[in-house]
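To start, the structure under review is shown below, and the notes come after it.
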Amino acid sequence: MSAVTAKVRYADVSDGEELKPWTYDVQRLNLVMYAGASGDFNPIHWNEPFAKAVGLPDVISHGMFTMAKIGQYVTDWAGDPGAVTRFKTRFTSPVVVPNDAGNRVTVSGKVAKKLGGNRVLIELAGAVGDTNVGAAEAEVELA
Amino acid sequence: MPLNKALIGKEYPASEAYEVGREKIRDFATAIGDFNPIYHDQGAAKAAGYPDIIAPPTFLTTIGFKFGPQVVGDPDLGLNYAMVVHGEQEFELLRPVRPGDVLVGKPKIAGITARGKNEFMTYEASIETASGEKVAVARSVIVSRGTAPQEG
């Protein structure tokens, strides 16, 4: 198994327990860096005239960048990135990233179910204001 | 035009190999703004019980660019990439990816369904080392906007 040193103990969590929400800011620079590091050079993520020409309000974040940030939230909570054994995200709405203002995403989560064998199912969500941008779940192996 | 459902179940050959590099993991972690020392510092990773730094869970997306194109670009599928958005992504992680891994993806089309005006294609890939150790499964749902067969 992959969990080495999860900091959260299975015995200490309970079904329905909410994790402390967290926010991150996303700017155009983040998208340019993500394009380079991931290999996803779709111009909707960096070229504003192109994004608008295909009907988007502005440049939008890579969905996988959003998933990466939700992943950071759950690995920071668990204390060990290797403790995440399954991770799924449904992209429900784009994160629009205007040139100067950027955007702010709030990530929240809860322990949906203790699965036995020290594994828990965490339900996660990303939101911009009242709009859900990602619905995620992760299975994590706790200490 | 609707996607070709005859391709459901089609398996594709193993992709070109992707060799995971230590600096690439660091670059990726930096690009997502995640400075967890286990992604950056070998000493910290070893202290946590790993042989080397490990990659963040979504690092596998970089490897997806090795095996994804042969599916989404399959001329028999009839997908217009300009109409595509990423609907859903899932990774089953059997162990963390680490430097030195030489990985191939073996994709197959798992399903094509229609809902409303859109079609949803699911493809999944087993991600394995050169020696056949399965490291992860990646499952992607892509939305083909406006191509669902319309009644009447």
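The values are calculated or read from the model by the stated rules, or taken from the named source; none is laboratory data. Values in this document were obtained by computation on a predicted structure and should not be read as measured data. Reconstructed Cβ throughout: ideal geometry from the backbone, glycine too, with neighbour counts over all protein chains shown.
Applying the criterion of at least 3 residues that are more than 7 Å from chain A (Cβ to nearest Cβ) and either farther than 12 Å from B:P99 by Cα or at pLDDT below 95 (or both) to the helices (runs of 4 or more DSSP H) found wholly in the stretch B:1-58 leaves B:42-47.
Take the residues in the stretch B:61-114 that are of a type in the set (A, V, I, L, M, F, W, C), in a helix (DSSP H, G or I) and surrounded by fewer than 19 Cβ atoms within 10 Å (Cβ to Cβ), then tell me which one is nearest to the other protein chains (Cβ to nearest Cβ). In this case the residue turns out to be B:F65.
From the list B:A29, B:A17, B:A48, the lone residue that is farther than 19 Å from A:S38 by Cα and not hydroxyl-bearing (S, T, Y) is B:A48. From the list B:G21, B:G100, B:G87, B:G78, the one residue that fits, being within 16 Å of the chain's Cα centre (by Cα), among the small types (G, A, S) and over 24 Å from A:K7 (Cβ atoms), is B:G87.
Within the stretch B:115-129, the only residue that satisfies the criterion of being within 13 Å of another protein chain (Cβ to nearest Cβ) and of a type in the set (F, W, Y) is B:F120. Condition check for A:S14 on (1) modelled with pLDDT under 95; (2) part of a loop (DSSP other than H, G, I, E, B): one failure, at (1). The number of residues in the stretch B:112-136 being touching a residue at least 40 places away in the same chain (Cβ under 8 Å), out of contact with any Lys or Arg (no Cβ under 9 Å at 6 or more places or on another chain) and closer than 21 Å to B:G73 by Cα comes to 2.
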